[in-house]
There are 2 protein chains.
Amino acid sequence: MAMFNKITIVGVGLIGGSIGLAVKKKKPACRVMGVCRRELSRRKALKFKAVNKATLNFEEAVSRADLVIIASPVGKIEALAGRAVKSMKKGAILTDVGSSKKQIVRRIEALASKKVNFIGSHPMAGSDKSGVENADGTIFKGASLILTKTKKTDMKSLTRLKRFWRSLGCRVFVLSPERHDSYASLASYLPHAVSYALSASQTKDSIKLTAGSLRDTTRVSSSDAELWSDIFLSARGDVLRAIKIFLKNLKMIEGAVKKKDGKKLKQILGKAKKIRDQIE
Amino acid sequence: MAMFNKITIVGVGLIGGSIGLAVKKKKPACRVMGVCRRELSRRKALKFKAVNKATLNFEEAVSRADLVIIASPVGKIEALAGRAVKSMKKGAILTDVGSSKKQIVRRIEALASKKVNFIGSHPMAGSDKSGVENADGTIFKGASLILTKTKKTDMKSLTRLKRFWRSLGCRVFVLSPERHDSYASLASYLPHAVSYALSASQTKDSIKLTAGSLRDTTRVSSSDAELWSDIFLSARGDVLRAIKIFLKNLKMIEGAVKKKDGKKLKQILGKAKKIRDQIE
């Protein structure tokens, strides 16, 4: 039996579209509706079969849903969630898929008050690409997904949402929004910041060499600049803390190179390699 | 017709073994001999069919070759090239596959004097793995390869070596050792240094999230710590210059986040994305 009768996805882009495709395949809901802002996006959502139905009528679509998923860029989540709360059924579940959580969860919990059960979601799945044309229902398989838990969290809704994401293949972790942003700042925001800085450092000629190392380390800097600008600002404190930690480590490497201290350098790199080797 | 009669590869590890496999397949030489330091490596080189013959007798193996390729870690290239020059035929070609070139080329050119024609090679192909068991003859297909040219370079040998690497599938660029190190410092040394610093910044919990961005950006920090310590030190000046450029770019991002300057931040990230999008 499906966990939800109707799911509404607000924003049918890469992530929203991928959720739609996965839901249609794994059936944790009977029906999945997509809300688009423009007629062109609505037609694309249907063309790529990402949802059962697509509409421009935001209020109507969210009013019927048991679960509303805001899949918009981070900068727009709060405003859309505010609109959704007004029209949603009492007791329905609201979530988002934004990459930062502390600010978003605090503000939306205040908006949702006791009418709607809000829980933040962050699927660690995605792509440097965007748009429903690049949506892929299989990206959640094995992907880490964080659900946020606070004093205000409704435990029954948390359990339902956990089951929902698991049904799409996610490995679900439950964390406070604060811990989420602290971990994500190292595991996601920092790699993006560093990757953008690395690309910014290249020249016409260094790019021509296209070493594999450059290709890998800069891949994520092909991600949307506005989206990541919003994420960095919404998790500002954690981003700055992560950059500080990184700078300390890079400066240790720089210092050992400066001093021609091969022993120390080998030690630093060896320790980093050990950490890396735990990742896969 | 083969370009060379006999090729000798000194050090049959990941790169040396991959060259051997590619030579056996593409036949730019009639025979390829591997020189190993230990009996165990010799047996492994033969087991993985990376060379036609493998020996521990360095002097004998290089004395017969028309082309000697030093495929040892960067820290050992100069010493091995010095030994090779003593036993090589007059007029034979000597090359290495080290990732840094300025210091190596200057020193080996001095050793080679007029007996042997030395030209530095740097294939931008490789892996974070090592050992002949991970060798792969196809890694050169489409890979950039830099050959060094100086006032002392014998042009006939340069042409022969260019043809040799092209026969394995490489896109060959000819650069002065100085320009090589300058470009490679941005395209290869810097991504490695940054990747090691990024891994060093992680915690047990941030690793658990295994975001794709973290996996990609840290992949190369799984590379051998001693090898990269040697590369960083042998191209010290260029590495430090590249780190400085990178720090300036990262600090611009940090500054915009600090000041909550979304417009500036978006501009910086957008510019970096544009550079990145030229890579593939």
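Derivation of every value follows stated rules applied to the coordinates shown; laboratory data play no part. Predicted model, so just to flag it, every value in this text is computed and none were measured. Every residue, glycine among them, receives a Cβ derived from its backbone with ideal geometry; neighbour counts consider all protein chains shown.
Taken about its Cα centre, the protein assembly as shown carries a charge dipole of about 300 debye when Lys and Arg each add +1 at the Cβ and Asp and Glu each add -1 at the Cβ.
Here chain A carries DSSP beta bridges of which approximately 10% are antiparallel, counting only pairs with both residues inside. Separation of the alpha carbons by more than 21 angstrom is noted, of B:LYS101/B:LYS248; A:LYS204/B:LYS271; A:LYS251/B:LYS76; A:LYS273/B:LYS47; A:LYS129/B:LYS274; A:LYS266/B:LYS76, for B:LYS101/B:LYS248; A:LYS251/B:LYS76; A:LYS273/B:LYS47. Once the C-beta distance of A:LYS53 and A:GLU226 is scaled by a Förster radius of 35 Å, the resulting FRET efficiency is 0.75 to the nearest 0.05.
Per-peptide packing, taken as the mean over residues of other Cβ atoms within 10 Å, places A:168-179, B:19-30 in the sequence B:19-30, A:168-179 from highest down. Looking at the protein assembly as shown alone, DSSP beta bridges between its own residues are antiparallel in about 10 percent of cases. Answer with one residue from A:GLY169, A:ALA184, A:GLN278: the one whose Cα lies farthest towards the positive end of the charge dipole of segment A:153-280, charges on Cβ with Lys, Arg +1 and Asp, Glu -1. It is A:GLN278. Given +1 at the Cβ of Lys and Arg, -1 at the Cβ of Asp and Glu and no other charges, the dipole of chain B around its Cα centre is 680 debye to the nearest 20. Spacing of the modelled spin labels on B:THR150 and B:LEU40, each 7 Å from Cα toward Cβ, amounts to 3.6 nm.
For the peptide B:177-189, the mean number of other protein chain Cβ atoms found within 10 angstrom of a residue's Cβ is 4.
Of the residues A:ALA235, A:GLY262, A:LEU214, the one whose Cα sits farthest toward the positive end of the charge dipole of segment A:180-276, with +1 on the Cβ of Lys and Arg and -1 on the Cβ of Asp and Glu, is A:GLY262.
Summary value for chain A: 16 percent relative contact order, contacts being C-alpha pairs under 8 angstrom separated by 6+ residues. Evaluated at q = 0.09, 0.10, 0.12 Å⁻¹, a Debye calculation over the C-alpha positions of segment B:4-175 (equal weights, vacuum) places log10 I(q)/I(0) at -0.24, -0.30, -0.45. Two tests apply to each whole DSSP H helix in chain B, Cα reach of 27 Å or more along its axis and mean Kyte-Doolittle hydropathy of at least -0.5, and the ones passing both are B:236-258.
By definition, a body whose alpha carbon gyration tensor gives a ≥ b ≥ c is oblate when a/c is 1.5 or more and a/b is not larger than b/c, and segment B:180-276 fits this oblate description.
For peptide A:245-256, the mean count of partner chain Cβ atoms within 10 Å of a residue's Cβ comes to 6. The order of the peptides A:133-144, B:181-192 by mean Cβ neighbours within 10 Å, most packed first, is B:181-192, A:133-144. Peptide A:228-240 shows a mean partner chain C-beta count of 4 within 10 Å per residue C-beta. Full extension of the chain between A:SER130 and A:ARG107 yields a length gain of 5.6 nm, computed as 0.36 nm times the residue separation minus the alpha carbon distance.
The alpha carbon centroids of segment A:75-150 and segment B:27-98 are separated by 59 Å. Under a crude label model (7 Å from the Cα following the beta-carbon direction), how far is A:LYS271 from B:ALA79 in nanometres? Each label point lies 7 Å from its Cα, and together they span 2.7 nm.
With the label put 7 angstrom out from Cα along the Cα-to-Cβ vector, B:LYS263 ends up 5.4 nm from the copy partners, going from closest to farthest. Relative to the other identical copies, B:GLY82 shows label-point distances of 7.3 nm, where the label point lies 7 Å from Cα along the Cβ direction and values run shortest first.
Highest average first, the peptides B:33-44, B:195-206 ordered by how many other beta carbon atoms sit within 10 Å of their residues are B:195-206, B:33-44. Coupling constants for segment A:89-98 follow from the phi torsions by the Karplus curve (6.51 cos²θ - 1.76 cosθ + 1.60, θ = phi - 60°), and in residue order they are 5, 4, x, 6, 9, 10, 9, 10, 10, x Hz; glycine and proline get x.
Long-range amide H contacts for B:MET3: which residues qualify at under 5 Å (H placed 1.01 Å from N, peptide plane, sequence gap of 5 or more or a different chain)? The answer is B:ALA29. Amide H contacts of A:GLY120 (H built 1.01 Å from N, in plane; Pro and chain starts excluded): A:THR148 sit under 5 Å, all sequence-distant by 5 or more or on other chains.
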